[in-house]
Amino acid sequence: MVNTLPKNAQDALDWKADQFSPYFNALIERDITADNVTDWLTAWSDVAKLTSEVASRLSVATTVDTTDEASENRLKVFLDEVFPVLAMSNHMLNQKLLASGLQPEGFEIPLRNIKAESELFREENLSLQSEEGKLRIDYDKVIGVQSVTWDGQEVTLPALSPVYQEQDRARREKAWRLSMTRTLQDREALNALWVQFMDLRGQIAANAGLPDYRAYAWKAMKRFDYTPEDSETFQKAIEEVVVPAAKRLYERRQSRLGVDSLRPWDLAVEPSGASALHPYETIAELENTLGTIFDQVDPALGGYYRTMKAENLLDLDNRKGKAPGGYCTTYAQAERPFIFMNAVGLHNDVQTLLHEGGHAFHAFESFSLPYIHQQDVPMEFAEVASMAMELIASPYLAKSVGGFYSESDAARARVEHLESMIRFWPYMAVVDAFQHWVYTNHQAASNPANCDAKWAELWDSFMQG
């Protein structure tokens, strides 16, 4: 049956549920034995690669242009009509494999994951998860169209980031306040989305018979090796050890800038008075120079990157209508990663592309595993590849070795990166502690005003200086 699967997932982007179902039904109806389990898993994996890539491509289309109504409607139809059928079919296959008692070679970890997925599954949650996916689209639509007028031109909020590195403090403040004012104009809409997310997630956890959404998410994210209490211990360690170090960095910055107190618009400017690092003029220059750097790290990685460039698997520039942030996703059937980011001409863009490149190379290496189930990497370990790449590539930032900068600017970039890691940990602890509070205090956290108060409390504890 799987021999008739489309060879290109793009041919199945508009498939209805009943076009996918025969492939799943053939697997559900097939007896599993020790002799045929590897063939059965291979067939399941082939079907899952197709459905995974269809979902990924539909999602990507809504992020590269949040104003594209056709892409939005396409994804919403998938979430409403196709996703529930696929999820139920995969659950039935999970149950079938578990009931067989078979443990194929190399399948120990996927089998553990499948058991957790089966324990969490509730049919009544499928429609709620579809709604959750549609709320993510709505969030991206709100953020994607935010813009302001700066120096007589309409610009996105990320496009103001270079201004925060200018030496003119008054301009930095003006840009920051303009950005925050525009952000707050969407406060009511974002708060409404927050309440809807909370309602859905609370119900999803309750349907699964769990005390709160944290317990649900912990299992859904396959966190078998550490507990929520371990995470809280880590938060405390950051507060005790890292916060004082970060505070010293902020105090040194304040002294070098010669200001009475640090303000949000003082955190990106070079304290020495030097101009901001300006690694590239065009997106093509960013792409090409990163290719040289990846070649220096390892020719195989450079080859992967050139494949992505040649196949248009990089969407790097910031523009109005584009979703915020950056990510790397995979097209499982094509065995290709896709990188999305919002570059605005800063060194941070270099770091972001190095980071997402790490994810992409991890994906390329994982594609050689026989089953898609083995390619499911927990979030924590996925970040090992990406954050390691930021460091592994740092010796090649200078022009003398194929990078962007003079020797002195390359050294400055590395120092800035290392300092940013120290400053990031306390911020990470704020976000982590906030999530723990939100999902274990559902009623209180469903009120955005309470969330504001809790965020401010955590910010004061961790973001000192």
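Each reported figure results from applying straightforward, stated rules to the coordinates on display, with no laboratory input. Every value quoted in this text rests on a predicted model; they were computed, and no experiment measured them. Here the Cβ positions follow ideal geometry from the backbone for every residue, glycine too, while neighbour counts run over all protein chains shown.
Counting every Cα pair in the range 23-84, what percent are over 20 Å apart?
Roughly 44 percent, once rounded to a whole number.
What percentages make up the Cα-Cα pair-distance distribution of the chain when the bins are 20 Å wide from 0?
20, 56, 23, 1
Could you please rank ARG57, ARG177, placing first whichever residue has the fewest other Cβ atoms within 10 Å of its Cβ?
If I rank by nearby Cβ atoms, fewest first, I get ARG177, ARG57.
Using Cα atoms only, what is the angle between the long axis of helix 17-29 and the major principal axis of the chain, expressed in degrees (0 to 90) to the nearest 10?
That works out to roughly 60 degrees.
At 25 °C and 0.890 mPa s, grab the translational diffusion coefficient of the range 247-326 from Stokes-Einstein with a Kirkwood Rh over Cα pairs, rounded to a whole number in µm² per second.
153
What order, most packed first, do the peptides 41-54, 436-449 have when packing is the mean number of other Cβ atoms within 10 Å of each residue?
Put in order of decreasing packing, that is 41-54, 436-449.
Kirkwood hydrodynamic radius, the range 248-289, all distinct C-alpha pairs: what's the number in Å?
12.2
Quick check on the chain: helices-only [θ] at 222 nm, where DSSP H runs of length 4 and up contribute -39,500 (n - 2.57) each and the sum goes over total residues. Nearest 500, please.
Estimated from H runs of four or more residues: -20000 deg cm²/dmol.
Starting from the range 197-249, pick out the GluC sites (Glu not before Pro) whose DSSP state is loop and whose Cβ has at most 11 other Cβ atoms within 10 Å.
When the GluC sites (Glu not before Pro) of the range 197-249 are filtered for loop state and at most 11 Cβ neighbours within 10 Å, nothing remains.
Principal axis lengths of the range 283-404 from Cα atoms, whole Å, largest first?
41, 35, 28
Straight-line reach from LYS236: which lysines have Cα under 22 Å away, leaving out those fewer than 8 places along the same chain?
By straight Cα distance, LYS236 reaches LYS247, LYS454.
Taking every pair of alpha-carbon atoms in the range 145-220, what share in percent sits in each 5 Å bin, from 0 to the bin with the longest distance?
Taking all Cα pairs of the range 145-220, the binned fractions are 3, 14, 17, 13, 9, 8, 10, 10, 8, 6, 2, 0 percent.
With everything on Cα atoms, drop me the angle between helix 108-120 and the longest principal axis of the chain, reported from 0 to 90° to the nearest 10.
90
If you take every DSSP beta bridge fully contained in the chain, what fraction is antiparallel? Give it as a percent rounded to 5.
Bridges in the chain that DSSP calls antiparallel: roughly 70 percent.
Using a Förster distance of 51 angstrom, determine the FRET efficiency expected from the C-beta separation of LYS247 and SER127, and round it to 0.05.
So the FRET efficiency works out to roughly 0.60.
When all alpha-carbon pairs of the range 221-354 are counted, what percent fall beyond 27 Å?
For the range 221-354, the fraction of Cα-Cα distances above 27 Å is 48 percent.
Across 5 Å bins from 0, what is the distribution of all Cα-Cα pair distances for the range 302-358, in whole percents?
Going from the shortest bin to the longest, the percentages are 5, 18, 30, 25, 16, 6, 1.
Using only Cα atoms, what Kirkwood radius does the range 2-137 have, in angstroms?
Evaluated over the range 2-137, this radius sits at 16.0 Å.
Stick to the Cα atoms of the range 371-465, pair each with every other, and give me the Kirkwood hydrodynamic radius in Å at one decimal.
Computed over the range 371-465, the radius equals 16.6 Å.
What pairs from LYS174/LYS309; LYS16/LYS96; LYS222/LYS320; LYS96/LYS219 go past 31 Å between their alpha carbons?
Distance filter (> 31 Å) returns LYS174/LYS309; LYS222/LYS320.
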